[in-house]
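Chemist: Input: one structure, supplied below.
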Amino acid sequence: PGDIGWVVHRHAVLYAEEYGWDITFEALVAKIAGEFIDNFDVEREAAWIAEIDGELVGSAFVVAQSKRVAKLRMVYVEPSARGAGVGHTLVQAALQFAIDKNYNRMTLWTHDVLDAARRLYARLGFVKVSSEPHRSFGHDLVSEIWEKDLSA
């Protein structure tokens, strides 16, 4: 108890501090987190909370988008832990989980301003498949869908 709330809180605070995103971003993350709890399928979904020296420093979630497609959600790393491989470890764990659960593909939704995350996804074999400008979180943004084939 409390970990999911922490994920929502830290996403909201850091994206406000780093990108100026408004409270509607917190609402979206809270909705995603609530749906994860309400619809949790122990056989096909999972979450990881990273810790360093007892301090919570990041998260990653896998949810079932369909029978064969997993969706990576709420990937986040505390500024104090960036560059230490936390993001790589979290996403790699999510990928391995998806492979072990026989998903054929993993997808994720991100934004073009999230440079470090996008570099990580590219290094791990994700490919951007679409992008779309929109107004969200108090800003003009470009959202992106990335995918990775897990069947190979």
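Chemist: Could you list, in sequence order, all residues of segment 88-100 that are surrounded by fewer than 20 Cβ atoms within 10 Å (Cβ to Cβ) and without any contact (Cβ under 8 Å) to a residue 40 or more places away in the chain?
Modeler: Within segment 88-100, His88, Thr89, Gln92, Gln96, Asp100 qualify.
Chemist: Out of (1) open to solvent by 70 Å² or more (accessible area, probe 1.4 Å); (2) of a type in the set (Lys, Arg); (3) within 26 Å of Arg135 (Cβ to Cβ), what's the single condition that is false for Arg10?
Modeler: Result: Arg10 passes all but (1).
Chemist: What is the number of the single condition among (1) more than 27 Å from Ser151 (Cα to Cα); (2) touching a Leu at 6+ places or on another chain (Cβ under 9 Å) that Val29 does not meet?
Modeler: Failing condition for Val29: (2).
Chemist: Any chance you could count how many residues in segment 1-16 are of a type outside the set (Ser, Thr, Tyr) and touching a helix residue (DSSP H, G or I) at 6+ places or on another chain (Cβ under 9 Å)?
Modeler: Initial filter on segment 1-16 (of a type outside the set (Ser, Thr, Tyr)): 1-14, 16.
Still in the running and touching a helix residue (DSSP H, G or I) at 6+ places or on another chain (Cβ under 9 Å): 4-5, 7-9, 11-14, 16.
Counting residues in segment 1-16 that are of a type outside the set (Ser, Thr, Tyr) and touching a helix residue (DSSP H, G or I) at 6+ places or on another chain (Cβ under 9 Å) gives 10.
Chemist: OK, next. Using beta carbons and a limit of 6 Å, which pairs, at least six apart or on different chains, have the first residue in segment 122-137 and without any contact (Cβ under 8 Å) to a residue 60 or more places away in the chain and the second one assigned to a helix (DSSP H, G or I)?
Modeler: Leu124/Val91
Chemist: Can you work out which of the residues in segment 124-152 that are modelled with pLDDT of 95 or more and small (Gly, Ala, Ser) is surrounded by the fewest Cβ atoms within 10 Å (Cβ to Cβ)?
Modeler: Ser130
Chemist: Just give me the residues in segment 106-118 being among the hydrophobic types (A, V, I, L, M, F, W, C) and outside any loop (DSSP other than H, G, I, E, B), in sequence order.
Modeler: Residues satisfying the conditions are Met106, Leu108, Trp109, Ala116, Ala117.
Chemist: Can you give me the number of residues within segment 106-118 that are in contact (Cβ under 8 Å) with a residue 12 or more places away in the chain and crowded, with 16+ Cβ neighbours inside 10 Å?
Modeler: Qualifying residue count, segment 106-118: 7.
Residue-by-condition table, conditions (1) under 23 Å from Val13 (Cα atoms); (2) more than 12 Å from the chain's Cα centre (by Cα); (3) of a type in the set (Val, Ile, Thr):
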position	(1), (2), (3)
Arg73	yes, no, no
Val77	yes, no, yes
Ala84	yes, yes, no
Asn102	no, yes, no
Met106	no, no, no
Asp112	yes, yes, no
Ala117	yes, no, no
Lys128	no, yes, no
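Chemist: Has segment 57-65 got at least one residue that is open to solvent by 70 Å² or more (accessible area, probe 1.4 Å), more than 18 Å from Arg119 (Cβ to Cβ) and over 13 Å from the mean Cα position of the chain (by Cα)?
Modeler: yes
Chemist: Which of the residues spanning segment 25-45 are open to solvent by less than 90 Å² (accessible area, probe 1.4 Å) and in a loop (DSSP other than H, G, I, E, B)?
Modeler: Asp41, Arg44, Glu45
Chemist: Right, another one. Assess whether Asp22 counts as being loosely packed, with under 13 Cβ neighbours inside 10 Å and of a type outside the set (Gly, Ala, Ser). Break it down stepwise before answering.
Modeler: Values: loosely packed, with under 13 Cβ neighbours inside 10 Å: no; of a type outside the set (Gly, Ala, Ser): yes.
In short, no.
Chemist: Go through Tyr103, Tyr121 for me and flag whichever is modelled with pLDDT of 95 or more, surrounded by 14 or more Cβ atoms within 10 Å (Cβ to Cβ), in a loop (DSSP other than H, G, I, E, B) and of a type in the set (Phe, Trp, Tyr).
Modeler: On the way: Tyr121 fails: in a loop (DSSP other than H, G, I, E, B).
Criteria check complete, one pass: Tyr103.
The values are calculated or read from the model by the stated rules, or taken from the named source; none is laboratory data. Computed from a predicted structure; not experimentally measured. Virtual Cβ from ideal backbone geometry, glycine too; neighbours counted across all protein chains shown. Quick note on the areas: whole protein, heavy atoms, side chains included, nothing else; ligands and nucleic acids left out. Shrake-Rupley method; radii C 1.70, N 1.55, O 1.52, S 1.80 Å.
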